[in-house]
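No lab work stands behind these numbers, since they all come straight from the coordinates. Just so it is clear, the structure is predicted and the values come from calculations on it, not from any experiment. Neighbour counts run over all protein chains shown; Cβ positions are idealised from the backbone, glycine included.
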């Protein structure tokens, strides 16, 4: 039981810690103090639902038909490029870039952006639904412990990243720091978009 839980915890943790569009977005929201806990909650809930769906059999279904992943791939490319361009544009702005000086997004806008950056990325489905789902399903009656471990890793990581970014915000209040952060986020978004364009999903599934 404990071994299965730890396997889920470690495998899920290894997958989500890698810097990606979701983590970059959460980090940016935390640094700007724009509802990072809400963003972390949405990310964790989406991960939990996708992992559960994968373990319960959705991963097998997707492996037999990758049309949904293809649609998500190109929607994800478009979104990531757009998000990257917004970060690039923001990096060229002058003046104080402290979180307190920013125009705050509405809650609805933050929810929409979080769902978009989470669900329009095929890597999310490959990692949670297919990889974790297929491995977790192999544990049979104990797969619930695997799911619990995987969800625990998501909660620890996303809330840790959200709270950690908030703590770092005062140290990164200088305009130059924000410019660098936005440029880094732009590069991350563009690189992930490029990887999606070059990805051959049929060779992965």
What is the fewest-to-most order of 128, 118, 41, 107 by other Cβ atoms lying within 10 Å of their Cβ?
107, 41, 118, 128
Estimate the FRET efficiency between residue 74 and residue 49 by the formula 1/(1 + (r/R0)^6), using the beta-carbon distance for r and 30 Å for R0, to the nearest 0.05.
0.85
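Please find the FRET efficiency linking residue 10 to residue 197, where r is the Cβ-Cβ separation and R0 is fixed at 22 Å, and quote it to the nearest 0.05.
For R0 = 22 Å, the calculated efficiency reads 0.10.
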